[in-house]
1. So how far apart, in nm, are the two label points at Asn154 and Ser51 if each is 7 Å from Cα heading toward Cβ?
2. State in Å² the accessible area per residue of the chain; use a 1.4 Å probe, count heavy atoms of protein chains only, and round to the nearest integer.
3. How much length would be gained if the chain were fully extended between Lys86 and Thr29, taking 0.36 nm per residue of separation minus their Cα-Cα distance, in nm to one decimal?
4. Leaving out ligands, DNA and RNA, and with a 1.4 Å probe, what % of the accessible surface on region 17-104 is carbon or sulfur?
5. For a quick check: with amide H placed at 1.01 Å from N, whose amide H comes under 5 Å from Thr59's, ignoring anything fewer than 5 positions away on the same chain?
6. Treat every Asp and Glu Cβ in the chain as -1 and every Lys and Arg Cβ as +1, leave all other atoms uncharged, and give the resulting dipole magnitude about the Cα centre to the nearest 20 debye.
7. Kindly write out, for region 56-67 in residue order, the coupling ³J(HN,Hα) from the Karplus curve 6.51 cos²θ - 1.76 cosθ + 1.60 (θ = phi - 60°), rounded to whole Hz, with x marking Gly and Pro.
8. Given an 8 Å cut-off on Cα distances and at least 6 residues of separation, report the relative contact order of the chain as a percent.
Amino acid sequence: SSLFNDTAPTSTVFTIGTENAFNNANQETIAYCFADIEGYSKFGSYTGNGSDDGTFVYTGFKPAWVMIKNITQTSAGAAWHILDIKRDSFNEMSNELAANAVASENGVDGGVKLDFLSNGFKLSGNTYHNYNGGTHIYMAFASNPFVSSSGVPNTAR
């Protein structure tokens with residue numbers, strides 16, 4: 001309750017509590033807020049199964065960029081991991097950025113097993129990204145969006 005005032009956020013508003021890390025008059029705070037746009041971006045969570053026939057996450061598009069965080073574990077491998085089609089142009093994805101770690105590129109997990117598919121992404125193995133029973137949050141952006149970032153259909157195709 002001290003972080004977000006025990007108030008559920010809505011699609012347009014969130015509140016902050018009294019936690020000094022978020023609500024400090026002597027410090028600026030930035031909030032990055034995202035929303036699903038069908039055919040362009042997807043945000044959510046999934047439960048890992050630790051299997052080589054891993055968890056499939058439906059996005060409705062082929063991802064170009066995915067960021068994942070294991071929120072069950074707190075070790076170094078539970079960093080924010082980014083995978084994209086520029087670092088890996090084919091499946092199985094293995095080149096990653098760790099957005100909040102000192103070893104930024106391919107530095108914390110080394111065992112990424114993820115495929116970008118036409119309608120989502122699929123994990124495999126018992127890595128930090130597919131930890132059995134673990135809760136993972138993600139954000140994904142389309143490689144060929146069906147709509148613009150404002151949700152307007154792309155008709156130039």
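1. Roughly 3.4 nm, to one decimal.
2. On a per-residue basis, the chain sits at 59 Å².
3. Fully extending the segment from Lys86 to Thr29 adds 17.4 nm.
4. On the way: 2640 of 5280 Å².
The computed percentage sits at 50.
5. The list, which skips near neighbours in sequence, is Gly120, Phe121.
6. 320 debye
7. Calculated HN-Hα couplings, in order: 9, 10, 7, 10, x, 7, 7, x, 9, 8, 9, 10 Hz.
8. Details: 343 pairs, mean separation 46.0, N = 157.
This gives 29 percent for the chain.
The values are calculated or read from the model by the stated rules, or taken from the named source; none is laboratory data. Computed from a predicted structure; not experimentally measured. Backbone-built Cβ (ideal geometry, glycine too); neighbour counts: all protein chains shown. For the accessible areas, the whole protein counts, side chains as well, though only heavy atoms, and no ligand, DNA or RNA atoms are used. Shrake-Rupley method; radii C 1.70, N 1.55, O 1.52, S 1.80 Å.
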